[in-house]
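> My structure is below; once you've seen it, I'll send some questions.
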Amino acid sequence: MGKILLKRAVLFSVYAFLYIPIVVLVVLSFNQAKFSTRWDGFSLVWYARLINNSLLMEAALNSVLVAVSSSTIATLLGGLGAFSLYRYQFTAKRAYYGALYVLMISPDVVMGISLLALFSALRMPLGFGTLLLAHITLSLPFVTVVVYSRLSGFSPNVIEAARDLGASESRALRLVVLPLAAPAVLAAWLLSFTLSLDDVIISFFVTGPAFEILPLRIYSMVRLGVKPDVNALCTVMFTLSLALVFISQLLLKEERI
Amino acid sequence: MEQRKTVVALQGVEKAYDGHQVVHGLDLEVQEGEFLTLLGPSGCGKTTILRMIAGFEHPGKGDIFLGGQRVNDVPPHKRDVHMVFQNYALFPHMTVAQNVAFGLKMKRLPKAVIETEVENALRLVKLESFAGRKPRQLSGGQQQRVALARALVNKPLVLLFDEPLNALDYRLRKEMQRELRHLQQTLKATFVFVTHDQEEALSMSDRVVVMREGRVEQTGTPRQVYEDPENLFVASFIGETNVLSGKVLEIPEPNKLKALVEGVVCVFSSKRRFSPGDSIKVLLRPEDLRVETLAAKPDTEGRFAGRIVEKNYKGATLDSVILLDSGVRLLASEFFDEEDEDFDYQLEERVSVGWVGTWEVVLPDAP
């Protein structure tokens with residue numbers, strides 16, 4: 001009996017440790033008090049302040065712009081990559097696939113610095129362009145792996161069957177492969193979107209002062225102390241990311257044959 | 001018999017992967033309305049041949065003709081052949097009806113025509129009530145039927161089957177074999193079937209092509225390849241067989257030979273020509289052997305003497321293994337005789353083994 005209680009207590013405290021900060025942040029974002037330690041009653045004042053903060057809104061807009069374009073491009077490229085891995089046999093196929101994982105596990109700092117070195121070697125001005133390229137690089141392996149793992153659950157013979165039944169390669173792609181891959185493609189897009197939206201480290205290295213994005217804006221705001229409007233902002237971002245990841249997981253759960 | 005059209009013809013077809021030759025100079029003709037089976041162990045090139053006919057593989061050398069047209073460079077979607085895949089390869093996101101309609105849609109037929117054709121095809125494979133289901137909601141046997149209907153509905157010149165029954169259990173497999181044969185005969189369709197299962201090949205086909213390592217070993221009716229195998233490989237691949245070695249002693253009359261086999265002088269009949277001194281292999285099917293106990297038949301003239309070392313009750317037959325005095329093992333498979341209710345042997349019992357005269361196959365002992 002005591003053993004079970006102990007187990008439960010350990011489990012509870014681990015989860016509490018993980019989640020209490022987030023819960024506190026969310027709760028405080030609705031706190032009317034200016035100094036976050038005292039509860040002064042429910043209020044949406046910080047959310048209103050958020051909307052009226054033009055600097056913050058501009059950064060948010062920039063973030064969404066980068067996230068939408070980088071995830072769209074990464075999904076296109078990664079999706080094609082996944083398709084070639086699925087459809088064609090070529091030399092060093094496994095090496096190509098393995099290289100994606102290397103990219104996925106390589107620390108963000110390393111990626112950020114190496115990209116910065118590349119951009120400055122090419123004399124590219126830091127800003128939207130460089131940030132976009134960096135975020136595509138960041139998302140690409142995730143997209144490829146997500147789409148490929150869905151496709152590899154289907155027999156490659158389905159394409160041959162379509163071809164055999166009179167479909168050209170492009171029709172087979174459109175009528176068979178695309179519908180099969182669709183949930184994974186959408187999930188991959190959502191995943192890239194959150195990756196791009198949340199990224200601080202890589203973005204820190206590769207964007208310039210002219211193009212500020214939300215995570216970096218927050219970062220500079222909290223250097224002068226955490227204000228309640230940051231809490232509100234983080235709550236919005238947290239909810240958005242959670243929703244996107246949730247949707248993408250739902251899409252991927254769809255049964256396969 | 002009427003002269004039938006040749007639907008598929010392969011002439012001197014060769015195929016190699018990375019320098020490894022999979023198919024050697026193959027000539028093959030499939031007649032209209034024929035059920036032809038390519039039979040051989042895995043890796044003998046039979047699936048590659050099928051894939052070359054379908055257009056998924058390009059022959060390195062030689063020509064492939066479909067309905068008299070050379071199709072070497074015609075892509076798969078422009079060939080009037082359809083394939084039933086080993087794992088069915090149904091489209092998981094489409095319903096049964098949509099799967100079956102796929103080929104007709106590719107031909108851009110009118111909707112009404114597609115609907116009736118799909119309905120007919122589903123009735124043919126007894127799945128009319130499953131039209132709205134997704135493939136994953138069907139059993140393996142049902143999926144198999146959908147794959148069949150999806151290919152049949154297009155009325156191709158020839159239907160190709162790549163070991164499609166492998167995944168089914170024994171009973172379902174037998175049932176599908178009968179059904180396939182029945183369908184093929186009612187539709188007068190041309191089927192090319194690939195399998196490594198000799199029983200399947202014998203029971204369904206009009207003609208069997210026995211293959212080994214990319215070469216044809218023998219082509220013939222199931223009866224020809226079973227009863228008159230051209231070589232040791234065919235004999236031992238198709239059904240069980242006992243192989244005995246011997247030497248020709250003399251040729252007493254045409255089509256007969258006297259030989260010393262396992263220490264016994266026997267007379268065999270064979271249409272092949274032999275001369276005294278030739279080394280030979282004698283093939284005896286287990287079901288052609290006749291075993292007698294020494295107690296019942298003490299005369300062992302021209303028979304092999306030995307003792308029973310194993311017996312397996314098989315229901316319809318009694319299979320026994322006889323260890324000959326020369327050290328060779330023979331497998332005999334005998335039907336139960338209704339007149340002899342006590343028909344059985346004791347282990348270690350002394351017996352002599354004969355065979356049904358003229359049913360033996362004598363081959364020259366060449367590698």
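The values are calculated or read from the model by the stated rules, or taken from the named source; none is laboratory data. A quick note: this is a predicted structure, and the numbers were derived from the prediction, not measured. Quick reminder, even Gly has a Cβ in these numbers, built from the backbone with ideal geometry, and neighbours come from all protein chains shown. Quick note on the areas: whole protein, heavy atoms, side chains included, nothing else; ligands and nucleic acids left out. Shrake-Rupley method; radii C 1.70, N 1.55, O 1.52, S 1.80 Å.
> Okay, which of the stretch B:53-68 sit inside 17 Å, backbone N to the point 7 Å along the Cα-Cβ direction of B:LYS5?
The answer is B:65-68, whose backbone nitrogens lie closer than 17 Å to the label point.
> Sticking with this structure for a sec: Sticking with the crude label model, points 7 Å out along Cα→Cβ, report the distance from A:ARG94 to B:LYS126 in nm, one decimal please.
Label at A:ARG94, label at B:LYS126, 4.6 nm between them.
> Kindly state, to the nearest 0.05, the FRET efficiency for A:TYR19 paired with A:ILE113, given R0 = 41 Å and r defined as their beta-carbon distance.
0.80
> Using r as the Cβ-Cβ distance of B:HIS182 and B:LYS155, and R0 as 30 Å, what FRET efficiency do you calculate, to the nearest 0.05?
0.95
> What is the stretch B:44-175 by shape, rounded, prolate or oblate, if you read a ≥ b ≥ c off the alpha carbon gyration tensor as root eigenvalues and call it rounded for a/c under 1.5, prolate for a/b larger than b/c, and oblate otherwise?
Because a/c hits 1.5 or more and a/b fails to exceed b/c, the stretch B:44-175 counts as oblate.
> Additional query: Return one quarter of the surface area of the convex hull spanned by the alpha-carbon atoms of the stretch B:6-233, equal to its mean projected area, in nm².
Directional mean of the projected Cα hull area for the stretch B:6-233 stands at 12.7 nm².
> How large is the convex hull of the Cα atoms of the stretch B:242-364 per residue, expressed in Å³ as a whole number?
So the per-residue hull volume is 105 Å³.
> Note down the nm distance, to one decimal, between modelled labels 7 Å out along Cα→Cβ at A:VAL102 and at B:TYR17.
2.8
> Can you sort A:LEU240, A:LEU5 by solvent-accessible area, 1.4 Å probe, largest first?
A:LEU5, A:LEU240
> What does the average come to when, for each residue of peptide B:144-157, you count the partner chain Cβ atoms lying within 10 Å of its Cβ?
Per residue, the average neighbour count from other chains is 1.
> Using DSSP to define loop residues, name the GluC sites (Glu not before Pro) in the stretch B:237-288 whose beta-carbon has at most 16 other beta-carbon atoms within 10 Å.
Answer in residue order: B:GLU240.
> Still on this structure, I have one more. By a straight-distance test (C-alpha under 26 Å), which lysines pair with B:LYS271 as possible cross-link partners, with residues fewer than eight away in the same chain excluded?
Candidates past the 8-residue exclusion: B:LYS247, B:LYS256, B:LYS258, B:LYS281.
> What FRET efficiency comes out for the pair A:ARG123/A:VAL245, r = Cβ-Cβ distance, R0 = 45 Å, nearest 0.05?
0.75
> Treating the angle as unsigned and between 0 and 90°, give the value, to the nearest 10°, between the Cα long axis of helix B:170-187 and the longest Cα principal axis of chain B.
That works out to roughly 60 degrees.
> Something else: Using a Cα-Cα cut-off of under 22 Å, which lysines could be cross-linked to A:LYS7, ignoring same-chain neighbours fewer than 8 residues away?
none
> Mind checking the angle between helix B:96-106 and chain B's longest principal axis? C-alpha axes, 0 to 90 degrees, to the nearest 10.
Result, in degrees: 70.
> Distances over 31 Å make up what percent of all Cα-Cα pairs in chain A?
Value for chain A: 41 percent of Cα pairs lie more than 31 Å apart.
> Assigning unit charges at the beta carbon (Lys, Arg +1; Asp, Glu -1) and nothing else, what dipole magnitude in debye, to the nearest 20, does the stretch B:242-364 show about its Cα centre?
So the dipole magnitude of the stretch B:242-364 works out to roughly 960 debye.
> Of chain A, which part is the longest with no trypsin sites (Lys or Arg not before Pro) in a loop (DSSP not H, G, I, E, B) and with at most 16 other C-beta atoms within 10 angstrom?
A:124-222
> If you place +1 on the Cβ of every Lys and Arg and -1 on the Cβ of every Asp and Glu, how big does the dipole about the Cα centre of the stretch A:54-251 come out, in debye to the nearest 20?
It comes to approximately 320 debye.
> Taking trypsin sites (Lys or Arg not before Pro) that fall in a DSSP loop and have at most 13 other Cβ atoms within 10 Å as cut points, what is the longest piece of chain B between them?
That would be B:6-106.
> Next question, about the same structure. Take B:GLU230 and B:ASN72, extend 7 Å from each Cα along the Cα→Cβ direction, and tell me the distance between the two endpoints in nm.
2.5
> Just to be sure I understand: if you take the accessible area of chain B alone plus chain A alone and subtract the pair, with a 1.4 Å probe, what total do you get in Å², rounded to 100?
Accessible area lost upon association: around 2100 Å².
> Of the cross-linked pairs B:LYS107/B:LYS188; B:LYS134/B:LYS155; B:LYS46/B:LYS174; A:LYS93/B:LYS134; B:LYS174/B:LYS314, which ones have a Cα-Cα span greater than 30 Å in the structure shown?
Result: A:LYS93/B:LYS134 exceed 30 Å.
> Using a 1.4 Å probe on the heavy atoms of the protein chains only, list every residue of the stretch A:141-168 that has 30 Å² or more less accessible area in the complete assembly than in its chain alone.
The answer is A:ASN157, A:VAL158, A:GLU160, A:ALA161, A:ARG163, A:ASP164, A:LEU165, A:GLY166.
> Taking the protein assembly as shown, how much of its Cα-Cα pair set, in percent, is spaced more than 42 angstrom apart?
Within the protein assembly as shown, distances greater than 42 Å cover 51 percent of Cα pairs.
> In terms of modelled amide H atoms, which long-range or inter-chain residues lie less than 5 Å from the amide H of B:VAL22?
B:LYS15, B:ALA16, B:TYR17
> Now for a separate question. How many partner chain Cβ atoms sit within 10 Å of a residue's Cβ in peptide B:81-94, on average, as a whole number?
Going residue by residue through B:81-94 and averaging, the value is 6.
> Using a 1.4 Å probe and ignoring any ligands, DNA or RNA, find the accessible area of A:LEU126 and quote it in Å² to the nearest 10.
70
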